[in-house]
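The values are calculated or read from the model by the stated rules, or taken from the named source; none is laboratory data. What you see is a predicted model, and the numbers here were worked out from it, not measured in a lab. Here the Cβ positions follow ideal geometry from the backbone for every residue, glycine too, while neighbour counts run over all protein chains shown. These accessible areas exclude ligands, DNA and RNA; they are computed on the full protein's heavy atoms, side chains included. Shrake-Rupley method; radii C 1.70, N 1.55, O 1.52, S 1.80 Å.
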Amino acid sequence: LTLVFIGDGAPTGNYGYTNSGYSVYEEENERLTESLRTKVSAIKSLSIEIGTEVKNQNKMLSEMDNDFDSTGGILGATMGRLRTLSRGSQTKLLCYMMLFALFVFFVIYWIIKLR
């Protein structure tokens with residue numbers, strides 16, 4: 001930084017800076033300002049994208065919540081039917097279970113025998 005004085009000690013019209021020194025600082029300041037402007041623009045677009053993604057994720061979570069609620073209702077109805085079925089005749093239920101077990105046994109036996 002160079003100060004140039006004229007006459008009785010008053011600085012020149014450019015406040016004491018030489019033209020070359022002042023323009024170097026001004027150019028560097030402009031370069032840094034442009035770099036900062038670019039970074040701020042990138043951060044702004046990134047934050048907008050994040051906001052959009054958050055809105056989409058919230059919408060998806062809301063839809064999943066609705067799906068789980070409806071599935072819970074279906075599961076509750078199925079459990080109610082199973083309770084009703086289990087309150088019925090135990091002998092009849094046991095007979096059905098034994099027939100099903102025999103059926104599965106014969107199917108497995110038949111599959112093994114065909115190999």
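The figures follow:
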quantity	calculated
Cα shape, the stretch 22-70, gyration tensor, a/c 1.5 rule	prolate
Accessible area of the stretch 25-67 divided out per residue, in Å², using a probe of 1.4 angstrom	93
Thr91/Leu114 FRET efficiency (R0 35 Å; Cβ-Cβ; nearest 0.05)	0.50
Approximate spin-label separation Arg31-Arg81, in nm, with each point projected 7 Å along Cα-to-Cβ	7.6
Net lengthening on full extension, Thr71/Lys55 (0.36 nm per residue, minus Cα-Cα)	3.3 nm
The stretch 36-115: C-alpha gyration tensor shape, a/c 1.5 cut-off, then a/b vs b/c	oblate
